[in-house]
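See below for the structure under consideration.
The values are calculated or read from the model by the stated rules, or taken from the named source; none is laboratory data. All values reported here derive from a predicted model rather than from experimental measurement. All Cβ positions, glycine included, derive from the backbone under ideal geometry; neighbour counts span all protein chains shown.
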Amino acid sequence: MIRGVLLCGGAATRFGSDKLLAIPGGQGGGGESIVVMAARNLIAGAGNALAVVRPGAAALRAALEGAGCEVVESERCVNGIGESLAAGVAASRDAAGWIVALGDMPFVHPDSVRAVRAQLEIGASIAAPLNAVSGERGHPVGFASTLREELLALKGDQGARSVIARHHDELVPVPVDDPGIAIDIDRPEELQRVTTWPVRGST
């Protein structure tokens with residue numbers, strides 16, 4: 001089985017609070033939190049999601065489990081996104097591959113996740129969505145099980161960039177009509193500005 005891995009272990013230093021539990025458009029908007037949106041989209045596209053969080057993140061864990069995720073807590077999250085990813089792979093090492101998504105990217109359309117999964121299923125080593133209009137590469141990124149040991153060895157805060165760089169010639173770009181593949185939420189003003197799902201086909 002190809003596993004969806006949702007990375008939720010960041011410190012959110014630029015946001016100033018637990019941004020993953022914030023709601024686009026404000027608390028009065030009645031919508032779902034950033035992380036629940038990201039989780040539901042990953043599950044819809046990948047068929048499952050394993051979320052990686054810091055130990056003791058009780059509210060975050062509850063939100064993720066409520067959205068349908070399995071959750072693994074790892075001390076490695078404090079060392080950066082690379083080690084969060086390694087922890088997720090370690091907790092699902094028998095997977096046929098991984099689709100790695102970020103908890104602060106709530107607008108990735110499930111169709112984009114499905115498109116990445118499809119490329120892994122037909123033999124891609126790495127697959128990543130590409131905005132068909134702008135040409136910008138985004139998330140989530142898919143990795144085949146042949147890259148397991150390299151993913152397990154990740155350190156620090158550079159994510160899987162080193163793995164992608166080493167295998168750049170093997171990366172399969174997946175054109176999608178989805179601006180959400182490049183929209184993350186880092187600051188409160190971004191959260192307030194993005195109140196609805198971005199229009200597909202826009203930039």
inquiry  = I'm told S112 meets every condition in (1) within 21 Å of A91 (Cβ to Cβ); (2) surrounded by 20 or more Cβ atoms within 10 Å (Cβ to Cβ) except one. Can you identify the failing condition by its number?
reply    = (1)
ask   = On the given criteria, is G123 surrounded by fewer than 16 Cβ atoms within 10 Å (Cβ to Cβ), of a type outside the set (F, W, Y) and part of a helix (DSSP H, G or I)?
value = no
inquiry  = On the basis of being farther than 16 Å from A101 by Cα, in a loop (DSSP other than H, G, I, E, B) and either touching a Gly at 6+ places or on another chain (Cβ under 9 Å) or modelled with pLDDT of 95 or more (or both), does G156 make the cut?
reply    = yes
request  = Enumerate the pairs (first residue in segment 131-142 and over 21 Å from I81 (Cα atoms); second residue anywhere and of a type in the set (K, R) and outside any strand (DSSP E or B)) with beta-carbon separation below 8 Å, excluding pairs fewer than 6 apart on the same chain, so at least 6 apart or on different chains.
outcome  = none
ask   = Of the residues in segment 60-76, how many are of a type outside the set (S, T, Y), surrounded by fewer than 22 Cβ atoms within 10 Å (Cβ to Cβ) and part of a loop (DSSP other than H, G, I, E, B)?
value = 1
key: Unmet requirement for L42, which otherwise passes all of (1) surrounded by fewer than 20 Cβ atoms within 10 Å (Cβ to Cβ); (2) aliphatic (A, V, I, L, M); (3) under 24 Å from D178 (Cβ atoms); (4) at pLDDT 95 or above   = (1)
query = Applying the selection to segment 14-39, what residues are modelled with pLDDT of 90 or more and either assigned to a loop (DSSP other than H, G, I, E, B) or of a type in the set (S, T, N, Q) (or both)?
reply = S33
ask   = For segment 40-59, how many residues are assigned to a helix (DSSP H, G or I) and within 15 Å of the chain's Cα centre (by Cα)?
value = 7
remark   = Flagged in segment 137-166 as more than 23 Å from G45 (Cα to Cα) and crowded, with 17+ Cβ neighbours inside 10 Å, in numbering order, are L154, V163
query = List pairs: first in segment 79-99 and part of a loop (DSSP other than H, G, I, E, B) and at pLDDT 95 or above, second buried (at least 22 other Cβ atoms within 10 Å of the Cβ) and among the aromatic types (F, W, Y), Cβ under 8 Å, 6+ apart or cross-chain?
reply = S92/W98
